[in-house]
Amino acid sequence: MSLTQNVINRDKIISALHEEMIGPTTDFSEAKELTSDMLESEHNGKFYYYTYAGVKEEVHYGSPQRKYNSGILYPLVSALAEVENMEELALAEEINKSEVDSDEETETTTNDELVSENKYLPSTFGMTFAVLPSEREVSIQFSCGAYEQLSINPKIQGNDKNWWFRKSLEASFLIPLNDGARKQVRKLVDKQNREVPELELRIDTLVRSIRLKSTEEQLKIVTVSITNITKSSEKKSDTNLMFQCELRASDLVGGFQPYPSAANFEAKIEEEDKKFDLLYSSEKNYGFGQNCSTTWKEKNNLVDEISTTFLPQYEIKTMTPDIVVDGEKIEISHVSLAAAKDYTELQQILLPLLDGYKSWYLKLKQSKVAPYYKTVFDSNLKEIQYIISRIETGINRLSNPNIFNAFRLTNLAMLMQIMNGKTVREIVKDDGKIEFSRNSEDIFNSLDFSTFDSLSKSIKLGLNDKALNTKWKKYKWRGFQIAFLLMSIESFVDKNSEDRNAVDLIWFPTGGGKTEAYLASAAFSILYRRITNPKDIGTDVIMRYTLRLLTADQFQRSARLMCSLDYLRRHFSRELGEEELSLGMWVGTANTPNNIAAAKVRYNEILRNEKSKFPIESCPWCGAEMSLSKSGTYHGYKVSNSEGLIANCPDSSCVFHDKLPIYFVDEQLYRNPPTFIIGTVDKFVQLTWVPSARSLFGIDKKGERIVSPPNLIIQDELHLISGPLGTLTGIYESLIEELCVDRRNANEILPKIICATATIKAYQNQIKSLFAREKSYLFPPAGKDINDNYFSTVQKNKNGENAHGRKYVGVYPFTQGKLQTEVQVMSSLISSAKMLPINERDPFWTVLSFYNSINDIGKALTLTEQDIRHALNNYYDSRNFSKIKRRALQNVKELTSRLDSDKVGLALSEMKEPYKENNNKSIDIVLASNIIEVGVDIDRLSLMTINGQPKTSAQYIQVSGRVGRRTSERPGLVITEYNPTNSNDKSHYEHFIEFHQRLYGQVEESSVTPFSRFSIERGLPAVIVGFLRQKFDIRRLGDAPDYNYLEEIYDDINGFIKRLATRAELIDNTEIEFLKKKTKEILNSLSDKDYDAWEYKTRKEPNNGFMVRMTKEQEDIPDSVIPMMFSMRSVDSISKLHVSSLLSSSEKQSFLSNSNNTARNGTRKKGWFE
């Protein structure tokens, strides 16, 4: 299936949508011409055309305004009370004061006449653009369609009044461009220049001269609008309406000019906004619409025409990670680095990448920018220079033998995880001996694993084998991936370096390969730790996500890497240790069992087909299927009381047949901490509730550090850590960092933090608030053009033109609600895909439809069951389509958080099913919520609808990025259905191209306030209790508070509280006094009574517990029990009104003062804050 054909088909789908929503029908290949002499026997459904003024015109059966919902102008009606805003009224007054230029009879225009009957029935539309001050006039062409009822063939039509015949009409104007407001009134003419007296319009123009402060040059801003001023007693009659309206401006000497931006006026804006203004300064916007959108045509670098559109389109640029220096493409394969015999050979491979970056930087430095941008440009240059120095340091570090060997093994492991386990080998026979659809092939088994050097030498010898050479060298690093690995090396090998404490943020467009970049860094960290100390086992990498869907998907990918690393460890057990390199999944009980007993229950439920499978469904190393057999055997899993749940490869020839180094039962993770752990941010709240989780941080039961703490924390999809979730994550991060800090030597060693994101607006503030790190760096850093940062540039085709990218289309219905719009759009897309040739249907067969709320999905589900099916049948009936040409909705799926985790996984698998002519199992429509925002990487998907502009631009970017991921073949189509009752949606529609040109620059800043009063109230108790339960003797503080022991460890507690206060001072000291006050309350409350447990159970099973899980609904609990955060998403408990004390305020203060300073066994010697 070719890219060219898919792009052609995409345009066909858009054209069909235009015909459905706006009209008119132009494809008459299935229609017949309705003539006066047509015989009744030739009657064929209701799909006809006729010829008027030499043009084929549609014959519409039924009221046109009942079908078409955009591009219509209704007659102007007096309704001053419904003026939408004062700006419109002010413009009306300005126009009324101006002269009237008209070839026709002049009329006085009142404010009333500028208003439509209501905002859903527009009588006016127009556009605004900029021209040079030297321009004298501009040519304006207006075109539309009008419908009337005719009787051309009574034999066919009978007495039916539902036959409407279209006429193409137009009007031309020559508008003077001297300043001021003016208007002209005209009748419309047909294609043969015959006047149509029934319809009348007015064109209003407003010309204003402005001076650009940046250049002292002048521009003229021109606003042109058309109003339907047809007079009729029947205000909504189809004969009074103008359909398919279009306004075109052309015939300028110097062409249209870019519309002024903030830089042109040297506006005082935030530095972050100015930075994006610089990056997008090459993206020129030439106009915007009123009650419509705009588009323009460029020829020879000159925009010579601007026109309105009611179905705006924008094709985003496809970025390529390919780096070309002096005409040569830089290619670095994993295998060539793994095969390097010495440091010199590595330099030869890597230095061209660095040298090319340096040359690019010097060229960039010599380029000029407007003075307005100089500060942000200089800042960008400094960041680039810093990154260059880090990459160079990383290359220099490779001269160290341990670093050199860890780097070579990292490259080999990354190659293995790319090549192995991706394709499932299905079980085809199971009669005592399992047979698979194909044999396992271990192409790495022939390598010489005697020593690191012999391994590299054998890899190089393997490259002499043509078959192996082709397989191995097929896989190459993307430039930014290997560069990121190189710049990260210093952070891992010198834990006292400045780079260690800086947060590195990877930003690359969706689908660009961010995951491989940070997985490579994780692999290097793990290998270097084991090479320097094979006995330093324990968790080395923590990787966190916000959504369970993403976690499950990334777990599969990370499993391949960890199997590859353990494969190497098995061969180099002396150098890398006897303990396995393993992977753990630490998420909620909906996905994985919390303990071995629960694992046994889940295992038996799977055997009875009551639950779906465990997270790993095929061997990550060889791809062997791990599934439930008809005989009741679960191939790939076994469970026992002693070992717990063990995963193994069902293929006896696989090296992991006995055991896979993969775990997802909490109890087993605590018993044997995995090397690499993947979890959701929610799960880390368990540190407050499960003291045995300390083992994940290298802490034993006595509270002593026995192995190094996690060395690397990876936070993917950083932009999702915002709002209330980000706020609570931020305060809880103080506990996680505390557990990860290594204080065994003189210096405190913090974990390295790497983040990845799809959006980068104000990332420094977000990172500082979350992680309390003052320095953070974006990679790749920006230069002065969003389309070129050296590591990514705009992809070109063979002709040097921009390659095709994902296309966005906007739909804004003026005359109907969003549900009816959904029906029209969906039925059009469904039928259009069926019209394509059989072998070209797959990219557009499945419609992924996104909704902003679960409630909207419920309504959409009803539409798919009734309305959409009905609309499809009406369409087919009108064209008299045979059954073979029709498409029936057979497979509609929901993908939301309402589904159980096992059903979510099943839905994702079904979405991968391609279209087939026979026995087709491909899904028709997927109704999805924000669960798809991340983690859905199904590259066959190419068609999406977004129902209502998402709440944030970041979400819009992420959601729409789920389709068109296979850009080389099917670049994707996104239809955004705007809500006509939402002013924000209307603004996006009117500025459609401008918005999409600067998509990443439109992202809103993330709000994270970890030390706000709300966060302190909700999160601080959990942080303090988590610290006490994880850092000290589990026998003394694990099960219940022990005040006597708290006295013993007073200095340690006080040290943590001081560090917490320092963190708050760095991030936001507004509530620092409240933080101290709250801390005292929490710690002193531990001495209020003798507790026999941390967690209060229920009145049915009473105990003397200190805290209870904070939920939205909870039973009445004793006043002394503290509601404690159990999740970062649901943190509000129901308020209770009760009398807490009968003491006066002064008596109460005295009581609190005494209770804060007196213990059960004596007077405190110190306060908590000195």
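Run through all the Cα pairs of the range 455-508 and give the fraction in each 5 Å bin from 0, expressed as whole percent.
Percent of Cα pairs in each bin: 4, 16, 16, 14, 13, 13, 11, 9, 4, 0.
Quick check on the exposure proxy: order Leu412, Leu1060 from fewest to most C-beta atoms within 10 angstrom.
Ascending Cβ contact count within 10 Å gives the list Leu1060, Leu412.
Could you run the Karplus curve 6.51 cos²θ - 1.76 cosθ + 1.60 with θ = phi - 60° over the range 802-813 and give me ³J(HN,Hα) per residue in whole Hz, x for Gly and Pro?
Going residue by residue, I get 4, 5, 5, x, 4, 10, 9, 10, x, 10, 10, x Hz, with x marking Gly and Pro.
With the cut-off at 1.5 for a/c, could you classify the chain from its C-alpha gyration tensor as rounded, prolate or oblate?
It is prolate, given that a/c is not under 1.5 and a/b is the larger ratio.
Sorting check: for 925-932, 273-280, which peptide has the highest mean count of neighbouring beta carbons within 10 Å, and how do the rest follow?
Highest to lowest by the protection proxy: 925-932, 273-280.
So in the chain, what percent of DSSP beta bridges are antiparallel if you round to the nearest 5?
Beta bridges within the chain, antiparallel portion: roughly 65 percent.
Using Cβ contacts closer than 10 Å as the measure, can you line up Cys755, Cys245 from fewest to most?
Final ranking by Cβ density, sparse to dense: Cys245, Cys755.
Pull out the extension gain between Leu461 and Thr51, defined as 0.36 nm times the separation in residues minus the alpha carbon to alpha carbon distance; nm, one decimal.
Result: 140.1 nm gained on full extension.
Quick check on the exposure proxy: order Lys951, Lys299 from fewest to most C-beta atoms within 10 angstrom.
The fewest-first ordering by Cβ neighbours comes to Lys299, Lys951.
Points 7 angstrom from Cα along the Cβ direction at Ser968 and Asn672: gap in nanometres?
For the pair Ser968/Asn672, the computed spacing is 4.0 nm.
Below 15 angstrom from the Cβ of Glu579, what's the summed charge of the other residues (Lys, Arg +1; Asp, Glu -1)?
+2
Select from Asn496, Ile395, Thr633 the residue farthest towards the positive end of the dipole of the range 333-779; place +1 on Cβ of Lys and Arg, -1 on Cβ of Asp and Glu, and compute about the Cα centre.
It is Ile395, whose Cα lies furthest towards the positive end.
Nearest 20 debye, what's the magnitude of the dipole of the chain about its Cα centre given +1 on Lys and Arg Cβ and -1 on Asp and Glu Cβ?
Magnitude of the dipole: close to 3140 debye.
Sum -39500 (n - 2.57) across every DSSP H segment of at least 4 residues in the chain, then divide by the residue count to get the 222 nm mean residue ellipticity, nearest 500.
-10500 deg cm²/dmol
Hey, can you grab everything whose amide H is under 5 Å from the amide H of Val303? Only 5+ residues off in sequence or another chain; H modelled, so Pro and N-termini drop out.
Here the answer is Phe256, since their amide H atoms fall under 5 Å of that of Val303.
Which whole-Hz couplings ³J(HN,Hα) result when phi for each residue of the range 520-525 is put into the Karplus expression 6.51 cos²θ - 1.76 cosθ + 1.60, θ = phi - 60°, listed in order with x for Gly and Pro?
5, 5, 5, 4, 5, 4
Under the 0.36 nm per residue contour assumption, what length would be gained going from the current alpha-carbon distance of Asp1088 and Val794 to full extension?
99.3 nm
Along the range 588-600, what does the Karplus equation 6.51 cos²θ - 1.76 cosθ + 1.60 (θ = phi - 60°) give for ³J(HN,Hα), rounded to whole Hz, x for Gly and Pro?
For the range 588-600, the Karplus curve yields x, 5, 5, 9, 9, x, 7, 9, 5, 4, 5, 5, 5 Hz.
State the answer as a single residue: which of Ala590, Ser929, Met38 lies farthest towards the positive end of the charge dipole of the chain, with beta carbon charges of +1 for Lys and Arg and -1 for Asp and Glu, about the Cα centre.
My answer, from the dipole projection, is Ala590.
If amide H atoms are built 1.01 Å from N in the plane of the peptide, which residues on other chains or at least 5 residues away come under 5 Å of the amide H of Asn880?
Placed amide hydrogens put Lys46 under 5 Å from Asn880.
Going highest first, how would you order 134-141, 693-700, 263-270 by mean Cβ packing within 10 Å?
Result, highest mean first: 693-700, 134-141, 263-270.
Going toward the positive end of the dipole of the chain, with +1 on Lys and Arg Cβ and -1 on Asp and Glu Cβ, which of Thr952, Phe844, Ala262 do you reach last?
Selected residue: Phe844.
Taking the C-alpha atoms of the range 807-1002, how large are the radius of gyration and the largest Cα-Cα span, Dmax, in Å?
Every Cα atom of the range 807-1002 included, Rg and Dmax give 16.3, 49 Å.
Bear in mind these aren't lab numbers, they're just calculated from the coordinates by the rules spelled out. Quick caveat: nothing in here was measured; it's all calculated off a predicted structure. Neighbour counts are summed over all protein chains in view; Cβ atoms, including those assigned to glycine, are modelled from backbone coordinates with ideal geometry.
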